[in-house]
Amino acid sequence: MTVSQRLAKIPIWAKFFINILILYALWVLFFKFLRDYWLVDYFYEEGIYYLTYIQLKATEFFLDMLGFEVHTLGKIIWIEGHQGVLLDRGCLGRNTLGLFLGFILAYPSGLRRKFGIMIIGTLVFLLLNILRISGLAITQYCCPQYLDINHHLIFKYLVYAVILLMWYLWLRRIRREQREAALD
């Protein structure tokens, strides 16, 4: 029996689990070891800076379109006359986006099928994060007593729900395509 024949007999859930373990090991390797190299750290930090900048400016634009007078300074965005919201590293959603992309990459399927959902999922995720930051700024403006519950629970779990829904719909589409291919 050849290696490819043996691999074909491995259940899909086992392939997925093995791929998740490999991706997790690469994630840990990056954050524990590779970030110590100045060039890797430089590009990582620049990426974080621009991701923060883009999300703040997009949030500022969105809130301005809603009629608010909005300002940004560094990583802070605020509506005129009220306290601001700090967009720190954890607010960028890089771990949540990494989890979504990791699940897509880990699922045993062709790269062509994965590429589209990875692009669409990233764009949807960034849009959701812009809406989340906007919602937090509006919460700080109108009812700051609800900022913590919105930040730590409501908005976070809405984003998780949308990401899980995207993953679920993608898996349904993949399975449907596999069933149709098996019938042909």
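May I ask you to verify whether LEU63 is closer than 26 Å to LEU169 by Cα, assigned to a helix (DSSP H, G or I), in contact (Cβ under 8 Å) with a residue 24 or more places away in the chain and not aromatic (Phe, Trp, Tyr)?
For LEU63, the condition - closer than 26 Å to LEU169 by Cα, assigned to a helix (DSSP H, G or I), in contact (Cβ under 8 Å) with a residue 24 or more places away in the chain and not aromatic (Phe, Trp, Tyr) - is not met.
It is to be established whether one or more residues within region 156-164 are of a type in the set (Phe, Trp, Tyr) and either within 19 Å of LEU56 (Cα to Cα) or more than 15 Å from the chain's Cα centre (by Cα) (or both). No.
Here ILE163 clears all of (1) out of contact with any Ser or Thr (no Cβ under 7 Å at 6 or more places or on another chain); (2) surrounded by 13 or more Cβ atoms within 10 Å (Cβ to Cβ) except the condition numbered (1).
Could we say that ARG35 is over 30 Å from ILE76 (Cα atoms) and among the basic types (Lys, Arg) here? Judged against the criteria, ARG35 is not a match. The number of residues in region 127-146 being in contact with a helix residue (DSSP H, G or I) (Cβ under 7 Å, 6 or more places away or on another chain) and either without any contact (Cβ under 8 Å) to a residue 40 or more places away in the chain or closer than 17 Å to LEU92 by Cα (or both) comes to 11. A Cβ distance below 8 Å, combined with a sequence gap of six or more or placement on separate chains, defines the contacts here; from region 19-47, residues that are touching a residue at least 12 places away in the same chain (Cβ under 8 Å) reach residues that are surrounded by 10 or more Cβ atoms within 10 Å (Cβ to Cβ) and not in a helix (DSSP H, G or I) in the pairs ASN19/TYR107; ASN19/PRO108.
The single condition from (1) at pLDDT below 90; (2) within 27 Å of ALA137 (Cα to Cα); (3) β-branched (Val, Ile, Thr) that THR2 fails is (2). Looking at region 43-57, can you tell me whether even one residue there is among the charged types (D, E, K, R) and under 24 Å from PHE155 (Cβ atoms)? Yes, region 43-57 has at least one match.
For region 52-64, indicate whether the set of residues that are at pLDDT 85 or above, over 23 Å from the mean Cα position of the chain (by Cα) and under 30 Å from CYS142 (Cα atoms) is non-empty. Yes; the residues of region 52-64 include at least one that is at pLDDT 85 or above, over 23 Å from the mean Cα position of the chain (by Cα) and under 30 Å from CYS142 (Cα atoms). Evaluating ARG35 against the criteria (1) part of a helix (DSSP H, G or I); (2) within 24 Å of ILE163 (Cβ to Cβ) leaves one unmet condition, (2).
Every residue, every condition in (1) surrounded by 14 or more Cβ atoms within 10 Å (Cβ to Cβ); (2) over 30 Å from ALA14 (Cβ atoms); (3) out of contact with any Pro (no Cβ under 9 Å at 6 or more places or on another chain); (4) not small (Gly, Ala, Ser), yes or no:
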{"position": "GLY84", "(1), (2), (3), (4)": "yes, yes, yes, no"}
{"position": "LEU87", "(1), (2), (3), (4)": "yes, yes, yes, yes"}
{"position": "CYS91", "(1), (2), (3), (4)": "yes, yes, yes, yes"}
{"position": "SER109", "(1), (2), (3), (4)": "yes, no, yes, no"}
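Anything in region 16-57 that is charged (D, E, K, R) and under 26 Å from VAL124 (Cβ atoms)? List them, or say none. The answer is GLU45, GLU46, LYS57.
The values are calculated or read from the model by the stated rules, or taken from the named source; none is laboratory data. From a predicted model like this one, the values you see are computed outputs, not experimental measurements. Don't worry about glycine lacking a Cβ; one is built from the backbone with ideal geometry, like all the others, and counts go over all protein chains shown.
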